[in-house]
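See structure below.
The values are calculated or read from the model by the stated rules, or taken from the named source; none is laboratory data. Quantities reported herein were computed from a predicted structural model and do not represent experimental measurements. Cβ coordinates were reconstructed from backbone atoms using ideal geometry, including for glycine residues, and neighbour counts include every protein chain displayed.
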Amino acid sequence: MNELFKRTITGFIYVFLLLSAIMLNADAFDFLFLSFGIICLFEFKRLIRLKELHIFLLFLLVWWLFIHLKTYPFSVYILLLATLLANIYLTMMLFNEKTPIRKQSNNTKLLISLLYIGGGCIFMPLIYKYENNPNPNYFYQNIFNNESQITMIGLLCIIWASDSFAYLTGKAFGKHKLFERISPKKTIEGFVGGLIGAMLIATAISYYSGRPLWQWLILAVILVVTGAVGDLVESSFKRIAKVKDSGTILPGHGGLLDRLDSLIFASPFAYLTLLIFDLF
């Protein structure tokens with residue numbers, strides 16, 4: 001019961017911080033994910049045995065360039081491409097048992113850390129800024145006066161719903177392993193259940209948003225698929241490091257990276273999806 005109580009309190013504080021920052025303003029959300037990024041980098045650095053401390057200075061520099069300086073859209077596209085390529089590389093590494101990232105050079109580990117963790121955390125505030133327009137859905141403007149608020153809450157709720165539904169359906173019906181070598185408990189049935197749950201939440205979110213239902217459904221699929229891969233990627237690092245959790249900062253939950261792995265990995269794909277939507 002004590003463990004359940006700790007998990008509940010920690011989860012409540014975590015959700016409260018996220019929702020408060022979203023509803024407050026872009027600066028609060030920026031600062032929150034800057035803090036999250038530093039903590040996740042520290043946890044990831046230990047998992048892969050990266051010795052260099054200047055990863056934190058590099059992260060702060062990249063953050064400053066893309067969040068607090070007025071950058072040209074083209075520069076954001078370069079960061080997006082680099083982050084996506086890093087994530088694709090990590091996805092390919094799931095199928096390569098012979099060359100784990102811990103055996104890579106320090107420069108490679110530094111670059112992967114900066115793009116995978118740093119880039120993932122940077123694209124959350126960039127999505128907030130990209131969607132920073134008045135909510136065109138007049139009926140709900142008294143609740144969400146800005147489209148960025150409903151978009152960020154929607155992204156979080158889709159990820160959380162996917163995790164919850166995947167756990168429940170996997171526990172009840174799971175028989176076929178999704179990726180047994182990396183995560184023995186994850187099942188195909190759980191993944192399908194998570195996808196269904198995410199699409200239900202996406203349908204509900206679309207009523208409050210200026211974006212149409214079809215965009216939210218596609219976004220849900222993108223988030224679930226890339227989020228599942230992100231979870232497997234982090235699990236692979238923990239498996240190689242022979243640890244259960246990435247850290248201990250969240251009592252009852254483990255490390256912050258354990259809670260944000262799906263979101264961090266999925267955020268650049270979500271940003272790309274929103275860009276593509278607005279081309280049509």
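Out of all the residues in the stretch 244-280, which are modelled with pLDDT of 85 or more, small (Gly, Ala, Ser) and in a loop (DSSP other than H, G, I, E, B)?
Scanning the stretch 244-280 gives 246, 255.
Of 233, 221, which residue is among the aliphatic types (A, V, I, L, M) and crowded, with 19+ Cβ neighbours inside 10 Å?
Result of the check over 233, 221: 233.
Search the stretch 179-225 for residues being touching a residue at least 60 places away in the same chain (Cβ under 8 Å) and assigned to a helix (DSSP H, G or I), and hand back the single one that is nearest to residue 166 (Cα to Cα).
Within the stretch 179-225, the match that is nearest to residue 166 (Cα to Cα) is 224.
Scan the stretch 30-75 residue by residue and report those that are among the acidic types (Asp, Glu) and in contact with a Leu (Cβ under 7 Å, 6 or more places away or on another chain). Reasoning before the result, please.
Start the filter on the stretch 30-75 by keeping residues that are among the acidic types (Asp, Glu), which leaves 30, 43, 52.
Result: 43, 52.
What's the number of the condition residue 246 fails, among (1) under 19 Å from residue 162 (Cβ atoms); (2) touching a strand residue (DSSP E or B) at 6+ places or on another chain (Cβ under 8 Å); (3) buried (at least 22 other Cβ atoms within 10 Å of the Cβ)?
So the condition that residue 246 fails would be (1).
If you go through the stretch 47-59, how many residues are surrounded by 14 or more Cβ atoms within 10 Å (Cβ to Cβ) and assigned to a helix (DSSP H, G or I)?
6
Look at residue 210 and say whether it is surrounded by fewer than 22 Cβ atoms within 10 Å (Cβ to Cβ), out of contact with any strand residue (DSSP E or B) (no Cβ under 8 Å at 6 or more places or on another chain), closer than 25 Å to residue 15 by Cα and not aromatic (Phe, Trp, Tyr).
Against the criterion (surrounded by fewer than 22 Cβ atoms within 10 Å (Cβ to Cβ), out of contact with any strand residue (DSSP E or B) (no Cβ under 8 Å at 6 or more places or on another chain), closer than 25 Å to residue 15 by Cα and not aromatic (Phe, Trp, Tyr)), residue 210 qualifies.
Go through (1) touching a Ser or Thr at 6+ places or on another chain (Cβ under 9 Å); (2) within 25 Å of residue 254 (Cβ to Cβ) one by one and return the number of the condition residue 65 breaks.
(2)
I'd like to verify a number: residues in the stretch 247-280 that are of a type outside the set (A, V, I, L, M, F, W, C) and under 20 Å from residue 179 (Cα atoms), how many? Quick ask: steps written out before the conclusion?
Filtering the stretch 247-280 for residues of a type outside the set (A, V, I, L, M, F, W, C) gives 247-248, 251-255, 258-259, 261-262, 267-268, 271, 273, 278.
From what's left, under 20 Å from residue 179 (Cα atoms): 258-259, 261-262.
So the answer is 4.
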